[in-house]
Amino acid sequence: MNYFLNWQQHVGRQTEKFYKTTLWSGEHVMVGLNCLEPGQTQKTHAHDAADKFYFVLEGSGRFKIGIDEREAETGALVVAPAGIPHGVINNGDERLSLLVAIAPPFK
């Protein structure tokens, strides 16, 4: 098993919707990478039984968490507790790359 991952080796792009991939999944947490090109969105949704966070690796975007909506840029940590609706739009000119973790992971 590889315990050391470089997120940049997993970056991807899709034209029809944002790109996402699982970097690692264990019994208690799933870690993934989401890449949104300019104008792409992750529609607002909620996970009833799982907490989630986004760590902005590169770029910036507009995040909606519950009724709060604001910009977050490289280095920001955005949290979405279980049951709270959340989503993001890349309203910038560059790719928005996000390290995402969900706990517990989806089965």
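The values are calculated or read from the model by the stated rules, or taken from the named source; none is laboratory data. Keep in mind it's a predicted model, so treat the numbers as computed, not measured. Counting neighbours? That spans all protein chains shown, and the Cβs are built from the backbone with ideal geometry, glycine included. These area figures cover heavy atoms from the full protein model, side chains too; ligands, DNA and RNA do not enter into them. Shrake-Rupley method; radii C 1.70, N 1.55, O 1.52, S 1.80 Å.
One table, with the values for the structure above:
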| item | result |
| --- | --- |
| Matching residues in segment 26-45 - criterion: being surrounded by 14 or more Cβ atoms within 10 Å (Cβ to Cβ) and out of contact with any strand residue (DSSP E or B) (no Cβ under 7 Å at 6 or more places or on another chain) | 37, 38, 40 |
| Subset tally (residues that are among the polar types (S, T, N, Q) and either open to solvent by 60 Å² or more (accessible area, probe 1.4 Å) or more than 21 Å from residue 7 (Cβ to Cβ) (or both)) for segment 89-107 | 1 |
| Residue list for segment 49-88, restricted to those being in contact with a Gly (Cβ under 7 Å, 6 or more places away or on another chain), touching a residue at least 40 places away in the same chain (Cβ under 8 Å) and either crowded, with 20+ Cβ neighbours inside 10 Å or within 23 Å of residue 25 (Cβ to Cβ) (or both) | 56, 88 |
| Matching residues, segment 29-52, being hydrophobic (A, V, I, L, M, F, W, C) and in contact with a Leu (Cβ under 6 Å, 6 or more places away or on another chain) | 31, 33, 36 |
| In segment 1-34, the residues that are within 14 Å of residue 54 (Cα to Cα) and more than 13 Å from the chain's Cα centre (by Cα) | 29 |
| Output for segment 1-10, where each listed residue is in a loop (DSSP other than H, G, I, E, B) and touching a residue at least 12 places away in the same chain (Cβ under 8 Å) | 5 |
